[in-house]
Every structure is written in structure tokens, then in C-alpha cells.
1. Please tell me if G274 is of a type outside the set (A, V, I, L, M), out of contact with any helix residue (DSSP H, G or I) (no Cβ under 7 Å at 6 or more places or on another chain) and not in a helix (DSSP H, G or I).
2. Go through (1) touching a strand residue (DSSP E or B) at 6+ places or on another chain (Cβ under 6 Å); (2) more than 22 Å from F182 (Cα to Cα); (3) not aliphatic (A, V, I, L, M) for P228 and report which single condition fails.
3. What helices (runs of 4 or more DSSP H) lie completely within segment 172-254 and have 1 or more residues being aromatic (F, W, Y) and under 19 Å from S52 (Cα atoms)?
4. Filter segment 112-129 down to the residues that are among the hydrophobic types (A, V, I, L, M, F, W, C) and closer than 17 Å to Y49 by Cβ and list them by number.
5. Checking A101 against (1) within 23 Å of the chain's Cα centre (by Cα); (2) at pLDDT below 65: exactly one of these is not met. Which one?
6. Which ones in segment 45-62 are closer than 15 Å to Q191 by Cβ, surrounded by 11 or more Cβ atoms within 10 Å (Cβ to Cβ) and not small (G, A, S)?
7. So which of V301, V275 is surrounded by 13 or more Cβ atoms within 10 Å (Cβ to Cβ), hydrophobic (A, V, I, L, M, F, W, C) and in contact with a strand residue (DSSP E or B) (Cβ under 9 Å, 6 or more places away or on another chain)?
Amino acid sequence: MTGPPRKRQKREDYRKAQAEQNGQLQMPKKKFYRQRAHANPFSDHSLIYPASPESMDWSTHFPAFKAQSTETNETPSTPPPMTRQVEIADIGCGFGGLIVALSPLFPTTLMLGLELRNQVTDYVINRIAALRSQNPLPLPPTYTSTAPITAPNQPLASDPSQQTPSPPYHNISALRSNTMKFLPNIFPRAQLTSIFLCFPDPHFKQRKHKARIVSAQLNAEYAYVVRPGGLVYTITDVEELHSWMVRHFVGEESGDAAELWERVDEKGLEGDEGVCVRIMSEETEEGKKVTRNGGRKYVAVFRRRENPEWPG
């Protein structure tokens with residue numbers, strides 16, 4: 001006589017039983033995606049990553065934005081062309097609260113959540129699949145172009161007159177990745193308009209500070225993938241970590257990265273940029289938890305400077 005199934009088997013049974021109801025996928029439940037709160041960024045997680053950004057197949061993440069190519073001589077190894085590029089990256093996206101909240105506000109802006117923890121990434125992927133099922137695309141899509149992108153996208157635009165209405169959640173996706181190692185393998189130079197670092201792991205012990213998501217070396221990589229004028233949004237409930245991030249972006253410890261970043265007044269941001277600050281503070285899971293517990297949130301926003309001139 002066999003005993004009761006293990007917890008992992010119960011999780012798998014639940015996921016298989018997550019059948020469609022009325023033609024729609026049901027929202028996943030967090031209790032079936034539990035995992036440790038931390039993941040070692042220096043460990044080998046057997047991740048699969050592209051050799052270069054040019055080999056990244058975005059059509060599997062954003063099929064609604066795949067260009068309708070009429071050519072038949074495309075090589076199988078070449079990713080299909082896209083009508084839009086990813087412009088927003090949420091590094092350490094957790095359970096996806098930020099990109100889910102931003103999606104209806106910027107329906108034609110592609111956003112990617114990056115997460116190292118396997119179970120958490122699976123939850124976000126299934127959450128997005130359920131949201132897409134509940135908000136199906138019109139047939140045929142009315143907002144995609146048949147021509148592939150030829151130039152970087154324009155900045156975010158929340159003005160309805162500048163966007164064609166489309167169902168939300170088809171412009172967001174999630175990818176399991178270690179951005180401390182593979183960020184330049186995913187995004188080419190100056191592709192992103194915004195990066196979010198929401199409630200990153202504080203790594204309180206001094207010997208663990210090297211694992212923090214903000215450092216002089218990583219800030220240089222952020223400057224590589226963010227176009228001039230783009231922003232990095234940071235928020236935490238740990239004052240010491242907040243001070244650390246400010247120092248490493250624009251302080252003495254930032255080294256050459258100080259020439260690439262300047263801090264802006266987050267309270268003075270208006271339009272789309274101000275909306276992003278509000279969503280980051282109020283709609284993320286960690287943000288809601290801090291609010292319930294009566295904690296304080298520390299926000300800092302940094303703008304990418306123009307590239308400095310080479311010395312003559």
C-alpha cells in the first residue's frame with residue numbers, strides 16, 4: 001500500500017488539473033509554488049541563455065507582436081522578426097505584481113520580468129498565461145504591424161491618442177535568468193527605457209554584500225542596456241540598502257559609473273515616470289506587505305546620462 005503523495009507530486013497534480021473553465025485558464029495559487037526566499041546568484045543553476053541578444057527568440061514570449069513576415073527563405077536558426085522591442089525589465093520580478101500592474105497602462109510596450117527562483121518564475125509564467133486567456137486577442141490583431149522593427153522604440157506613451165487599444169497582458173512575459181551573469185546576453189546596447197529593482201534581497205551580512213543586485217560593476221552593465229535618458233527605479237524598505245544603492249550609482253563607490261548616472265527627484269517625476277513610481281510603491285507584493293506592516297519605503301530613481309566623450 002502506497003502512502004500519500006509527496007508535496008511535489010501534489011503540486012504537479014494541481015498544475016495538471018488546472019484545466020480550462022469556460023475556455024479560460026484559472027489563476028495559479030501561490031501555495032503550490034513555494035520556494036526559498038533567496039537564491040544564490042553565484043551558483044550554477046543550469047540555466048539556458050542565448051549566446052547573444054541577436055539569437056534571443058522573443059516570439060515565444062510575445063507572440064502577439066511577431067511580425068507577419070511573407071518571406072519563406074528564413075533560416076530556422078534565425079529568430080522571427082518582431083514589431084516591438086522589450087523596453088522595460090523588472091529584475092527580480094518576484095510574483096510579477098509590477099509588470100501585471102503596468103501592462104494595462106502601457107499596452108504596446110513590451111515588458112520582461114527576470115527571476116532566478118524556478119518555482120516563482122513558473123508562477124509568473126502561469127499567471128500571465130491565465131491573464132491572457134481571460135483577455136484574448138481580437139481576430140485579427142488590430143494593433144500589430146507587419147513590418148519588423150528597424151529602430152529603437154519611442155519612449156513610453158500613456159496618451160490614448162498615441163496608442164492603439166489592445167487587450168492587456170499580451171505585452172508582458174517572464175524569463176528565468178541570472179542577470180548578474182547574463183544581462184548582456186539578453187539585451188543589446190541601449191535597448192531598454194526602464195529597469196526596476198523592487199525590494200531586492202538586502203544580504204545583510206557584510207560578506208554577502210557582493211551578492212547585492214547593485215554594485216559598481218553591475219551599474220555599468222545597466223548603463224550598457226539602458227539608453228541615454230532612460231531610468232532605473234529602486235525601492236526598498238531597508239534604509240541601509242537604500243543608502244548603498246545611492247552611493248553605488250552616484251557616490252564615491254560607483255567609480256566610472258558616476259559619469260553615466262544621475263539621481264533625479266522621484267517626487268518631481270510626472271507623466272509616465274511618475275506613474276511608474278506610484279505603481280512600484282503600491283502594486284508590488286512586497287510593497288503591499290510593507291504597507292500592511294506599517295513600514296517605510298525608500299525610493300530612488302536614476303537617469304542614464306549621455307555617453308561621455310572619449311578623451312582626445
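The values are calculated or read from the model by the stated rules, or taken from the named source; none is laboratory data. Values in this document were obtained by computation on a predicted structure and should not be read as measured data. Counting neighbours? That spans all protein chains shown, and the Cβs are built from the backbone with ideal geometry, glycine included.
1. no
2. Result: P228 fails condition (2) only.
3. The helices (runs of 4 or more DSSP H) meeting that bar are 179-186, 216-225.
4. Listed by number, the residues that qualify are L112, L114, L116, I125.
5. Checking A101 against (1) within 23 Å of the chain's Cα centre (by Cα); (2) at pLDDT below 65, the one that fails is (2).
6. Matches in segment 45-62: P50, P53, M56, W58, H61, F62.
7. V301
Okay, residues lined up against (1) of a type in the set (K, R); (2) in contact (Cβ under 8 Å) with a residue 40 or more places away in the chain; (3) closer than 18 Å to G97 by Cα:
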{"position": "V226", "(1), (2), (3)": "no, yes, no"}
{"position": "E252", "(1), (2), (3)": "no, no, no"}
{"position": "E273", "(1), (2), (3)": "no, yes, yes"}
{"position": "E283", "(1), (2), (3)": "no, yes, yes"}
{"position": "V290", "(1), (2), (3)": "no, yes, yes"}
{"position": "Y298", "(1), (2), (3)": "no, yes, no"}
